[in-house]
1. For residue A:366, state whether it is of a type outside the set (Phe, Trp, Tyr) and either at pLDDT below 95 or farther than 23 Å from residue A:180 by Cβ (or both).
2. In segment B:348-379, what residues are under 20 Å from residue B:157 (Cβ atoms) and not hydrophobic (A, V, I, L, M, F, W, C)?
3. Given the conditions (1) open to solvent by less than 10 Å² (accessible area, probe 1.4 Å); (2) at pLDDT below 90, and given that residue A:108 satisfies all but one, which numbered condition is not satisfied?
4. Determine, yes or no, whether residue A:10 is open to solvent by 80 Å² or more (accessible area, probe 1.4 Å), modelled with pLDDT under 90 and more than 27 Å from residue A:117 (Cα to Cα).
5. Which helices (runs of 4 or more DSSP H) sit wholly inside segment A:271-374 and have at least 2 residues that are within 13 Å of another protein chain (Cβ to nearest Cβ)?
6. Would you check which residues across segment B:325-371 are in contact with a strand residue (DSSP E or B) (Cβ under 6 Å, 6 or more places away or on another chain) and aliphatic (A, V, I, L, M) and list them?
7. Cβ-Cβ distance below 9 Å, separation of 6 or more or different chains: which pairs start in segment B:396-410 with a residue that is within 12 Å of residue B:226 (Cβ to Cβ) and end on one that is aromatic (Phe, Trp, Tyr) and surrounded by 14 or more Cβ atoms within 10 Å (Cβ to Cβ)?
8. Which is open to solvent by 60 Å² or more (accessible area, probe 1.4 Å) and at pLDDT 85 or above, of A:190, A:182, A:159?
Amino acid sequence: MTATVPPSSATPRPNVQAIGTRRRTTELGLLVLSSIIVLGAYALASLGRNASLPADILPFLGVILVLVLAAHLAVRRWARCSDALLLPIVALLNGLGFVFIARLDDQLAGLQATWTGVGIAAFILTLVVVRDVRVLQRYRYTFGLVGVALLLLPLLPVFGQNINGARIWVAFGPVSFQPGEFAKIALAIFFAGYLVERREILGVATFRVGPFNTPDPRQFGPVLVAWGISLLVVIFQRDLGSALLFFLLFLVTLWVATGRAVYVVLGFVLFGVGAFVSWTQFSHVQDRVSIWLDPWADPAGSGYQVIQAAYALAWGGTSGVGPGLGIVDRIPFDETDFIVAIIGEELGLLGTTAVLVAFLLLAGSGLRIAKGAGATFGTLLAVGLTSLVAFQAFIIMAGVTRLLPLTGVTLPFVSYGGSSLVSNYVLVALLLRISDQSIRRAPDPLAAL
Amino acid sequence: MRRQIALLGAAILICYVALFVKFNQIQVFQADALNGRSDNTRQLQRDFNEPRGSIITADGVLAAFSEERRATLRYQRVYPEGDLLAGVTGYYSFGLGSSGVERSYNDELAGRTTALKLRELTGFFTDTSSEGDVVLTVRKDLQEVARDALGDRPGAVVALDPRDGAVLTLWSSPSFDPNQLSSNDTTQATAVKEFLDAVPQKPLLIRAYQENYFPGSTFKVVTAAAGLESRAVTATTPDYPVVTEYTPPFTRQGISNFGGAPCGGTLFVILARSCNSSFAQMAVEQTGPDPMVATAERFGFNDAPPIDLPDPARSVYPTDFGEIVERPPGRPPVYSDAPKLAQTAIGQNDVRATPLQMALVAAGVAAGGEVPVPHVMDEIRARDGSVVERYEPEVWRKAVAPADAATLRQAMVGVVADGTARNMAIQGFEVGAKTGTAQLGTTPPRSHGWMIAFGGRPGQDPTVAVAVIVENLSGASAETGGSTAGPVARAVLAAALGAE
């Protein structure tokens, strides 16, 4: 466990200084690479569609450079020692997503560009405001309440909006957003704060069930509460993907905090019971399962989307048909939930594998940050935030490929969607903050890498 | 905590490896199956937005081409000759799929074969497209002769070159207009398809090679071949008795000659006069079931010819004639189903043949016993007119020994010289033929009229083989086949030989 060292003084120690400089140089280099890939993909997609270079290629290049440089300079200024991989991977995913959104729908592309700007502003703001991640721990209960409130907000009669069968939207005048996207960060903060405080109690095994030492059953309360909230989300908002995500988030954080596998087992049992009961009680859950098992039972109706996604992926084959050259008017929600099918069609297995590897690197960097943070609030928060991104990407891609039943969540950074993009930028800013802080506060910064 | 974080990383890794496996499964291992599913129109949509090669007849007439339109689908398939070549080209429809050459040479027409792709690669900087033109062996002028000779009677005409299997004519009546079926307006095309499917004569069934019929007396050529191959029959022996009917063992139902006429003699005589009694007797008493089955199968029965068109029908010769009841010395064993064997010898009972198969029987006799692989493609040309691929002629089956083929050829020439096919004679050419009247019922008498023939310069190998069927005629006399199918066959044969 890391000893507590005072926050960084005005003059950083030489090691810290050197690490920061090296990491930022690496980051800048990787950002240039990401930008070149995105720019190339953008040009190719336009060549594929219209056989001409995009008219706005120079402004596009300018916007990329401004956004990337703004984020990079902010990190240089306010989180100098943070991890060097996260931002380039995010830039790559966000840029690639934008290329495919622009290729599908010009109007959405404009909006997505705006949201990217807002997202990077939120990213910078988060770095500026959250100078010490432990501040968040202090307000854990506030975040918990805010999280639950955000989650329940769409259920309000006036503001709540039913869109595409899920009640997860809130409209304030012309602006509508998905509060659930922000709720997940608030809840991750709450879970990390709550569990880092109680991990000693929750981790003590005093109770024997058969051959296992388990914690006192009274300590299972929080698990049951999280499970209950998830079920509520399923029942009232019909948002299976988010429910699964919240439950996973809590379970993972609890398990990492206590080291007790029994919580995971209990969690999966509860999940199984909840899933089974939902399946017997709710037609929308039954629909999802039957589509998953056999989409060809109703190829023109309920199975259409998943079948068309499979056709798009198969059409792409190993190396894809080329950016801008796919047949893309067939999959409903192709710019949000199903964007990976379009990437798979035009970039092939190589493209989908690249996306998988990018998320895997993102998850790996997140977990490395968690490990580097010792055994603190920061560790648990990093674990929670990383799990959110990694599992959300997994849930939607598994749904598109029929590995799991389809549950509508966005592919982080890649899908079209303002709420998702902005909240994920905040999430990455928090990870960078934890990373920066753990280096600065480590007694031996080089060992904390 | 470190341990849990490492395990969490492993769990995430497992999830993503599962995804990677799933992506591989869909994008690589199942890709072909998914792309080929009938409700997956991606391939089709791409094809309709890219140029497609033309189909050209042997005499240089444009049979099908793609016309550029300003519409959602960029290309519309056009068939300038209407229904004349529909049985060969088929149709090419966005909503209904494709048939004929459009289907069997789809990759060549779309430019997806390796040879065409390579050409596109070498011309990478000159902006050439890779689609190929299919040049047919079928001649437009012969199609017209066949169409005019058959008129509006249902039936079919097949003419081919016995030496290499090149199909010169493939006409089925009634035909259909592929332009309507190929309309990019799917609603209209579907309506036309529904209408055509409802027509009792089934115009979409290309009867020349997709439908089989009783071959009737034309099958006697195969029966004679089996007799010769079994060595129990020669040109001079046996001399069959002149009788009005032959009664096989185990039945009182005799096989009678047409009109109850007395008929008999040696091989050439009984073929020229088409004696039912003699051929029934030959199959039962000289040849026996095993050589009959073997010879029929060597001509191509019980199989579909490997023609380069989709869905050719099988021709059928029965293989089950019951058990051996008796083994008389010096004769083939007698089977319990001898009456059935006797009927198959004259092309009745369960024998079925496509017009194409009967043309191949004539071709096999004409080409010294070798049945060629029939084909409609002559060559594939690239956009610049250069030949990318040429059809390599092949022998499909060796039906009979050359000596037996020569005997059969002589016997068939005899049918024209002094037999039931005298109307087939063409001045200046040697023509061999065999008539057929396949009985469909006796009250009222109905029949299919048949003619199979070959012709060529005297003393040289025949260059054309023909089979004609005129369906479902009223009446069933010995002349029915010769008088109905004969003139059609003669017209096509004469035109193909360049006579008159």
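1. Working: of a type outside the set (Phe, Trp, Tyr): yes; either at pLDDT below 95 or farther than 23 Å from residue A:180 by Cβ (or both): no.
Considered against the rule, which asks whether it is of a type outside the set (Phe, Trp, Tyr) and either at pLDDT below 95 or farther than 23 Å from residue A:180 by Cβ (or both), residue A:366 comes out as no.
2. B:352, B:354, B:355, B:357, B:364, B:372, B:374, B:375, B:378 - these are the residues of segment B:348-379 that are under 20 Å from residue B:157 (Cβ atoms) and not hydrophobic (A, V, I, L, M, F, W, C).
3. The number of the failed condition is (1).
4. Values: open to solvent by 80 Å² or more (accessible area, probe 1.4 Å): yes; modelled with pLDDT under 90: yes; more than 27 Å from residue A:117 (Cα to Cα): yes.
Here the answer is yes, as residue A:10 does meet what is asked.
5. Working: elements: A:283-293, A:304-316, A:339-372.
Fully inside segment A:271-374 and qualifying: A:304-316, A:339-372.
6. Selection gives B:325, B:334, B:342, B:353, B:356, B:358, B:359, B:360, B:362, B:363, B:366, B:371.
7. B:399/B:299; B:400/B:299
8. Values: A:190 fails: open to solvent by 60 Å² or more (accessible area, probe 1.4 Å); A:159 fails: at pLDDT 85 or above.
Criteria check complete, one pass: A:182.
The values are calculated or read from the model by the stated rules, or taken from the named source; none is laboratory data. Quick caveat, the model's predicted, so the values are computed rather than measured. Virtual Cβ from ideal backbone geometry, glycine too; neighbours counted across all protein chains shown. Please note that ligands, DNA and RNA were not included when accessible areas were found on the heavy atoms of the full protein model with its side chains. Shrake-Rupley method; radii C 1.70, N 1.55, O 1.52, S 1.80 Å.
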